[in-house]
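As structure tokens, the structure follows; a few thoughts come after it.
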Amino acid sequence: MALVRERRQLNLRLPLPDSSERRPRFPLPLPPTTTTTSSTTAVASFADLEKIQVLGHGNGGTVYKVHQKKTSTVYALKVVHGDTDAITRRQIFREMEILRRTDSPHVIHCHGISEKPDGDISILMEYMDSGTLDSLLKSNGTFSEQNLSDIAFQVLNGLSYLHSHKIIHRDIKPANLLVNSKMEVKISDFGVSKIMCRTLDPCNSYVGTCAYMSPERFDPETYGQNYNGYAADIWSLGLTMLELYIGHFPLLPAGQRPDWATLMCAICFGEPPNLPDDMSLEFRSFIECCLQRESSKRWSASQLLSHAFVVNHSKKSEN
Ligand SMILES: Nc1ncnc2c1ncn2[C@@H]1O[C@H](COP(=O)(O)OP(=O)(O)OP(=O)(O)O)[C@@H](O)[C@H]1O
């Protein structure tokens, strides 16, 4: 794998709205205390878990590597304290709601959720021992087409599952795709995701990491006839795949630190990203199917699962 030279940390999140707008307008109902549901697998007791190390800090919470003392089984435990702000709590409730509903080998599995009387929330998840695709890119460098085809196959299966259950992730990016040592890739972090109640629910809010947002999320009138959000996940996937191949955020020159306006212009009006000469025709076509500026021209997750880039490479992996 080639080394990534000029990789940089971008601040790609949109600024938060004024504090007056930050209170949830429709507070979500509180979930029941200590829950497991049909799609989650109960563990004996949260009290039997021992923290081993901090895996990372997210928006308002900390993720620990833990093990169950009786069985030595290792898990990841996300803990969000009760005194966090309303937006963070709203995000964690959304994540809990989605994790309770989902059961796919390509979506992070939740083993249980606990809520204490003081408001602390803990989500017990399967442990992914190789971190995220973002951390792998930083430590190992760019990915080969063969690896990317396999990654695309897995993420598309996850997205196809989510979309068929009317869930839009809205923050697909390398840092939200977890990996284990078997190179299994799973979609995580549902804090800004949306469950669509009706097919034509509007879905145009500015949430997620703005660099990976599709043109129609900035300008639904121009780029998103009947915009419903599913195609936005495909745009983000296209950018993610290209970033993992070239080693930097694809819509800007390597090393450029963009502000919000620069990013918006690059996404909505900039030239399509330059694709490297040595890229295969199949991969080139796959990226073009994801990065169509007009959302209705983008392929869906299930269509992309039959794209030659995914099918041909997954056939090679079987041999
Ligand atoms: N199931 C898991 N297995 C292994 N590591 C995990 C797991 N879940 C999260 N992590 C690690 O913990 C970090 C923080 O995760 P978390 O989902 O809280 O936030 P984030 O995605 O980094 O940020 P934010 O929620 O602000 O978007 C991740 O970047 C990842 O390195």
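The values are calculated or read from the model by the stated rules, or taken from the named source; none is laboratory data. The shown structure was predicted, so the numbers you read here are calculated from the model rather than taken from an experiment. Neighbour counts run over all protein chains shown; Cβ positions are idealised from the backbone, glycine included. SASA here: full protein model, heavy atoms, side chains in, ligands and nucleic acids out. Shrake-Rupley method; radii C 1.70, N 1.55, O 1.52, S 1.80 Å.
Within the stretch 45-69, residues that are without any contact (Cβ under 8 Å) to a residue 12 or more places away in the chain sit with their Cβ atoms under 7 Å from residues that are aliphatic (A, V, I, L, M), at 6+ positions apart or across chains, in these pairs: GLY56/VAL63.
Filter the stretch 127-151 down to residues that are away from the ligand (no atom under 12 Å from the Cβ) and either touching a strand residue (DSSP E or B) at 6+ places or on another chain (Cβ under 9 Å) or basic (Lys, Arg) (or both), then give me how many there are. Of the residues in that region, 2 qualify.
Screening THR240 with (1) among the β-branched types (Val, Ile, Thr); (2) at pLDDT below 85; (3) within 16 Å of the ligand (Cβ to nearest atom) gives one miss only, at (2).
Determine which member of the set VAL80, VAL43, VAL54, VAL74 is of a type outside the set (S, T, N, Q), at pLDDT 50 or above and closer than 17 Å to PRO117 by Cα. First the steps, then the outcome.
Numbers: VAL43 fails: closer than 17 Å to PRO117 by Cα; VAL54 fails: closer than 17 Å to PRO117 by Cα; VAL74 fails: closer than 17 Å to PRO117 by Cα.
Among VAL80, VAL43, VAL54, VAL74, only VAL80 is of a type outside the set (S, T, N, Q), at pLDDT 50 or above and closer than 17 Å to PRO117 by Cα.
Would you say SER214 is at pLDDT 95 or above and buried (at least 17 other Cβ atoms within 10 Å of the Cβ)? So SER214 fails the test. Applying the selection to the stretch 106-125, what residues are open to solvent by less than 40 Å² (accessible area, probe 1.4 Å) and of a type outside the set (Val, Ile, Thr)? HIS106, HIS109, CYS110, HIS111, GLY112, SER114, GLU115, GLY119, ASP120, SER122, LEU124, MET125 - these are the residues of the stretch 106-125 that are open to solvent by less than 40 Å² (accessible area, probe 1.4 Å) and of a type outside the set (Val, Ile, Thr).
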